[in-house]
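Worksheet: the structure to be examined is printed underneath.
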Amino acid sequence: MSPLRVPAAVSSMTGDIIDGRRVADEIRGELRGRLDRLRARGVNPGLTAILVGDNPGSQLYVKMKGKACEEMGMAHQTLEMPKDTSQEELLRVVHELNADPKVHGILVQQPLPLQISVDAAVRAVHPMKDVDCFHPENVGLVLIGSPRFAPATPAGVVELLVRSGNPPAGKDVVIAGRSNIVGKPLAALLMQKAKNANATVTVVHSATRDLAAHTRRADILVAAMGAPRTIRADMVKDGVVVIDVATNRIPDASKKSGYRTVGDVDFEAVREKARAITPVPGGVGPLTNALLLAHLVRAAQKQAMQKQATRLEGAEGASGADGATEGSAR
Ligand SMILES: NC(=O)c1ccc[n+]([C@@H]2O[C@H](COP(=O)([O-])OP(=O)(O)OC[C@H]3O[C@@H](n4cnc5c(N)ncnc54)[C@H](OP(=O)(O)O)[C@@H]3O)[C@@H](O)[C@H]2O)c1
């Protein structure tokens with residue numbers, strides 16, 4: 001993470017708006033150099049998404065990830081499997097992809113049909129290709145502070161904080177939501193004794209007795225509940241930095257689609273008290289895709305290094321064997 005040359009926040013009378021699209025552009029810009037170097041070595045990172053069934057939300061997410069790869073000239077494919085696919089068949093496909101050197105990252109899009117165990121699917125993806133960071137090995141690495149890949153959305157939250165000039169070190173961070181994909185890994189990232197972390201983290205959830213008592217203490221509040229506009233102005237303190245991860249659809253007759261997307265935070269009211277705040281949409285969302293690309297590049301780099309090391313070991317082994325042959329021939 002490099003510091004911003006120009007703050008990625010737009011100043012206003014009230015809280016600054018943290019512009020996720022701009023931060024995501026910046027990250028993509030930084031990726032280009034790494035990509036060029038990889039391509040010079042004959043490696044173009046490739047992503048494969050597996051979509052089981054016809055969930056419209058999943059179709060859209062996978063399409064957006066493919067588009068994000070295309071914009072960077074990275075290879076991608078989506079394997080569409082029928083909704084009655086057996087677990088055995090899905091795992092067979094995942095194992096084939098694990099062995100394919102052109103595939104550097106594998107995503108098994110969730111939700112999965114009931115006949116497939118999410119746990120089995122997550123564990124089947126090779127940890128080196130698990131760019132979503134769902135495999136228990138990668139989750140564990142995040143927890144002990146040496147991530148191979150951090151999950152894209154929590155990593156995006158950290159990037160937004162740091163690059164908008166609101167680093168978490170020493171701050172009281174309250175995370176609302178404890179899911180495996182957002183709340184828990186974000187807490188693990190932010191509590192590390194490390195650069196861009198070092199926060200004092202509180203995680204609240206649906207069994208928290210007094211949500212507002214916690215959120216009012218937050219220097220940085222991250223909302224990831226999926227509960228539209230639950231965080232009101234009286235639940236935050238002056239000068240809070242707010243990152244709203246949630247994307248909730250609420251009915252809106254004025255829209256052609258019949259709905260609009262809002263976060264967990266009452267944006268306009270909370271902005272009056274905030275130092276900085278992310279909008280929904282246009283805040284965390286763009287970061288998730290940008291970070292996924294960054295992790296795909298990282299996966300390709302690591303796999304290329306591993307391949308080279310294996311080749312070197314092979315060459316050393318071969319020369320050792322030759323030496324033995326020569327020795328015995330003498
Ligand atoms: N922008 C992005 O790229 C991105 C990526 C991922 C997710 N999201 C969005 O982020 C939101 C959360 O996603 P998720 O997958 O983490 O959701 P999830 O698995 O449903 O988890 C929601 C968490 O929030 C807690 N919670 C729900 N309502 C609450 C309330 N009223 N008060 C306190 N805690 C409450 C739940 O508590 P319990 O554990 O007690 O049930 C749970 O821990 C969703 O809107 C999702 O669409 C956005």
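Points worth noting:
- Two-decimal ratio, the chain, of alpha-carbon radius of gyration to 2.2 N^0.38 Å: 1.12
- Charge dipole of the chain (Cα centre as origin; +1 on each Lys and Arg Cβ, -1 on each Asp and Glu Cβ, all else neutral): 640 debye, rounded to the nearest 20.
- Check: region 40-131 dipole with +1 on Lys, Arg Cβ and -1 on Asp, Glu Cβ, in debye: 300
- If you wrap the Cα atoms of region 152-284 in a convex hull and average its projected area over all directions, you get 8.0 nm².
- Under 20 Å from a label point set 7 Å out along the Cα-to-Cβ vector of T310, the amide N atoms of region 28-54 belong to 38-39, 41-48.
- The chain - mean residue ellipticity at 222 nm from DSSP helices (-39,500 (n - 2.57) per run, n ≥ 4, rounded to 500): -13500 deg cm²/dmol
- Extension gain, R217 to K102: 0.36 nm times the residue separation minus the Cα-Cα distance gives 36.6 nm.
- Using the Cβ-Cβ distance between E80 and T200 with R0 = 45 Å, the FRET efficiency computed as 1/(1 + (r/R0)^6) comes to roughly 0.50.
- Test item: Cα-centred dipole of region 217-315, Lys/Arg +1 and Asp/Glu -1 on Cβ, debye: 360
- Note on the chain: GNM, Cα springs under 10 Å; of Q306, Q59, Q192, the largest mean-square fluctuation is that of Q306.
- Percent antiparallel among DSSP beta bridges (both partners in the chain, rounded to 5): 15
- Separation between Cα centres of region 150-190 and region 264-307, rounded to whole Å: 10
- Cβ-based charge dipole, region 40-131, positive-most Cα from G105, L79, V43: V43
- At least 15 Å along the helix axis (C-alpha) and Kyte average at least -1.0, DSSP helices within the chain: 56-71, 87-98, 152-163, 285-329
- Among I277, T230, I250 - extreme Cα towards positive end, dipole of the chain, charges at beta-carbon: I277
- Shape call, region 40-131: gyration tensor on alpha carbons, a/c limit 1.5: oblate
Values in this text are rule-based calculations from the coordinates and carry no lab data. Everything numeric in this text was worked out from a predicted model, so none of it was measured. Every residue, glycine among them, receives a Cβ derived from its backbone with ideal geometry; neighbour counts consider all protein chains shown.
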